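Structure first, commentary second.
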Amino acid sequence: LGRGPAAFTATDPPAPVWVPSGCRGAQGRFAYKLLHDLFANYSSALRPVEDTDRALNVTLQITLSQIIDMDERNQVLTSYLWVRQAWLDAHLTWDKDAYDGIDSIRIPSSYVWRPDIILYNNADDHFGGSMETNVVLRSDGHIMWDSPAITKSSCKVDVSYFPFDGQRCHLTFGSWTYNGNQIDLRNRLDTGDLTDFVENVEWEVLGMPATRNVITYGCCSEPYPDVTYTLLLRRRASFYIFNLLLPCIMVSFLAPLGFYLPADSGEKVSLGVTVLLALTVFQLLVAESMPPSESVPLIGKYYIATMTMITASTALTIFIMNVHHCGPGARPVPPWARRLILHHMARLCCVYEVGESCKSPPRELGGRAGRGDAGGPGESPGEVEVGTEAGGCPRDHCLCHHDGLLRNIGYIAGCFRRHRAAQRRTSEWKKVAKVMDRFFMWVFFLMVFLMSVLVLGKAA
């Protein structure tokens, strides 16, 4: 290069190599002759060994290409696999020098004997096997058969920690008719090939170890070897966290606010029932996708616990509303309830009347009101009479001291005292209901927080 006027530059294409036409056609003629010579007296029905008492070694290698679907309810894993099988056919050997150096040929797999390796835990109703792809036949008799297959295998699904669960799905391959004395099945590698795996949006593949097992079944006395690939899967929980778990947590924190609603609003019970119905819908969504097994999913346990808590809060709300609307005919607040609820719990929950605060000293209930009933407009007839006598009004010349008028004034004063006593009892019962509302609101807030922390902690 670089010498003379006919020199090539670096950008010039290389000159094509000229091959005589006879040499180009020689490979094709020898390939046809080789195919005719190999299969002239060959039968694909018999096991290709020189000694029928010796086992034929078959190696198996599985490449996981894609996880198509994981049906948790029916416990079926649909996967796309590349299955590679290799064995030695003693009847398909040739001298490559006698056939113009042909070392390997590719022929349809139906031409040669093939081991009946199937998936033992197949869950497909059609029993679809591998595709009829070509096999690579070498001059020393080694055959390599690569075929893609879409398999449906049964997989025991454990949803105890759903949606933070992991699954172990087994793919067991073995010969259906040949025992271990006829075919010695072995795995080529200690693990499945994941180099060409297409990432799945729902499942993360952690590994695919392979183990060889030799099992003697009850039907036969001969051993049957198989190769089991264990697919280790872990669920990607982001979708379920944002669509099932977080809405449930938010609805759960909304439920205790029903205790904060005023009792006169009429929405306390309806809020609890609405939250309960919302959680029931979420529970049904989870139940539709889970298998009907005895193991309850973790999120299902959280739903059930939350629904139980909301049911209890609704029942307590009904009881507290009954206390709030007890009416003027109710009995006075018992001393123990007055001391426990109106004194201690009221200050603990910061429930106070207008003009009071959490730091105000406790007011003696009943003393001031009792004194107010005796004075003012509700004075007794005796006090009026004493005051009249002190004023020096003569009984015989004052019309205000007539017996009928005194009886009417006494009746009015008694009604006023009874009305004030009823109002005092009603206000006390309303305050009891308000204190109980605030107390249970904080209790249920704490329960929701603890349940959420326990669920997330157990999942982690």
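The values are calculated or read from the model by the stated rules, or taken from the named source; none is laboratory data. Keep in mind it's a predicted model, so treat the numbers as computed, not measured. With ideal geometry, Cβ positions are generated from the backbone for all residues, glycine too; neighbour counts draw on all protein chains shown. Surface areas here come from the heavy atoms of the whole protein model, side chains and all, with no ligands, DNA or RNA. Shrake-Rupley method; radii C 1.70, N 1.55, O 1.52, S 1.80 Å.
Computed in the context of the full set of protein chains, the accessible area of region 32-235 at 1.4 Å probe radius has 49% of its extent on carbon or sulfur.
For region 32-235, taking Cα atoms only, Rg and Dmax work out to 19.1, 65 Å respectively. A Förster radius of 22 Å combined with the Cβ-Cβ distance from TYR80 to THR211 puts the calculated FRET efficiency at roughly 0.50. When the inverse distances between all different Cα atoms of region 159-220 are averaged and flipped, the Kirkwood radius reads 15.0 angstrom. Each Lys and Arg contributes +1 and each Asp and Glu -1, all at the Cβ; summed about the Cα centre of region 32-235, the dipole is approximately 220 debye. Length gained on full extension, ALA123 to MET144, computed as 0.36 nm times the residue gap minus the Cα-Cα distance: 4.9 nm.
Keeping every protein chain present and rolling a 1.4 Å probe, give me the accessible area per residue for region 32-235 in Å². That works out to 52 Å² per residue.
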